[in-house]
Amino acid sequence: MKWHEITIGTTEEATEMISNFLHEMGAGGVSIEESGTLNKPRDTSLGQWYELPLNDIPEGQAVIKGYFPEGTDTDELIAALKPRIEELKEFDIDTGDVTYDAIEVDDDDWATAWKQYFKPLRVSDTLTIKPTWEEYEPGEGERIIELDPGMAFGTGTHPTTALCLQTLESVVKGGEEMIDVGTGSGILAIGACRLGVKGVLALDLDPIAVSSATENVRLNDLSEQVEVKLSDLLGVLKGGEAASNNDSGLRVTVPVDLVVANILAEIILLFIDDVYQSLKPGGIYIASGVYKNKETEVEEGLIASGFRIVEKRRDEDWIAFVAKKPQEG
């Protein structure tokens, strides 16, 4: 089968939004390649190693490729994509000098080639992400997240995902109920269960993400603990307890102990009040995916909704907030 490969040159800051645009427009897969320069800081504190080859992408830049089936009008697709990317500037997202290209490729050229770069990755003191196709023997106390992310969802290599997992490790005490907003591959929901969370309601508005997360939950034998739903947080709040009751009898009762959202700051700002409503008094909200230029805005939004900022964790230019809902009285 032939596919149309749309290549977009942009900045690392804009990759998540543009990747989402491609996915929404029907991409069968999305890949991202960032700068491979040796000058880029690499966190090796947990023994990570980087197999990706060096490339000539300038520091701070990225190349995104979206794959569309035969019959796609690539000129029409790029014409529809350009104003959406241009609009990102209104949200203070620097897209740089965006470039566009389109070619035709065979599926063997892309469908599995990315897998050679996804190896077992230690992302926290105890959590290791292992692709399903790799053999790996865990060490003592090591918790494994089995993952088949597909072409468009998180593998844990992005700083925001690693930040979330590391923050979860520091926050989870055991026995909590949690909501994962924008679950993607389900990696945070699975990681939370590995750390001791009792039950997770994993939400996403993308049917393909829901399918991907459901499969990854099954691969990790967590279908009795994690419920994946096609919904947003407001939909759950409107639905009440019944919205979080799955066929197996699992119930994650709202309000919950913990909410995690690893999405862009612009989206986080839209539902802070909903998160506050969905948490028990004393509950914790982990908000990741915040780029440095949105730090103050997100912090002010959290405080305005009644949260107390407990901690801010950083990785490169990304921030994860740990915010607490005050105890009643």
Review point. Shape of the range 170-293 from its Cα gyration tensor (a ≥ b ≥ c, root eigenvalues): rounded if a/c is under 1.5, otherwise prolate when a/b > b/c, or oblate?
Key: rounded
Point to revise | Under 15 Å from the GLU70 label point (7 Å along Cα→beta-carbon), backbone N, the range 1-30 | key: 1-5
Point to revise | Hydrodynamic radius by Kirkwood, which averages 1/r over all alpha carbon pairs of the range 284-329, in angstrom | key: 10.8
Point to revise | Whichever lysines have a C-alpha closer than 23 Å to that of LYS82, once near sequence neighbours (fewer than 8 apart) are set aside | key: LYS65
**Study point:** Above-threshold pairs, the threshold being 18 Å between Cα atoms, out of LYS173/LYS324; LYS198/LYS280; LYS173/LYS280; LYS294/LYS324
**Key:** LYS294/LYS324
Review point. Got a sec? How would SER278, SER212 order by Cβ neighbour count within 10 Å, fewest to most?
Key: SER278, SER212
Review point. What ranking, highest mean first, results for peptides 196-206, 119-129 when packing means the other Cβ atoms within 10 Å averaged over each residue?
Key: 196-206, 119-129
Revision key, fill the gap. Summing +1 per Lys or Arg and -1 per Asp or Glu among the other residues with Cβ less than 10 Å from VAL63's Cβ gives -2
Study note, to complete from the structure: Expected unfolding gain across ASP92-ASP273 under the 0.36 nm per residue rule, minus the alpha-carbon gap, is 62.9 nm
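Read the figures in this text as sums done on the coordinates, not as results from a lab. As the structure is a computational prediction, the values presented were derived from the model and not from experiment. With ideal geometry, Cβ positions are generated from the backbone for all residues, glycine too; neighbour counts draw on all protein chains shown.
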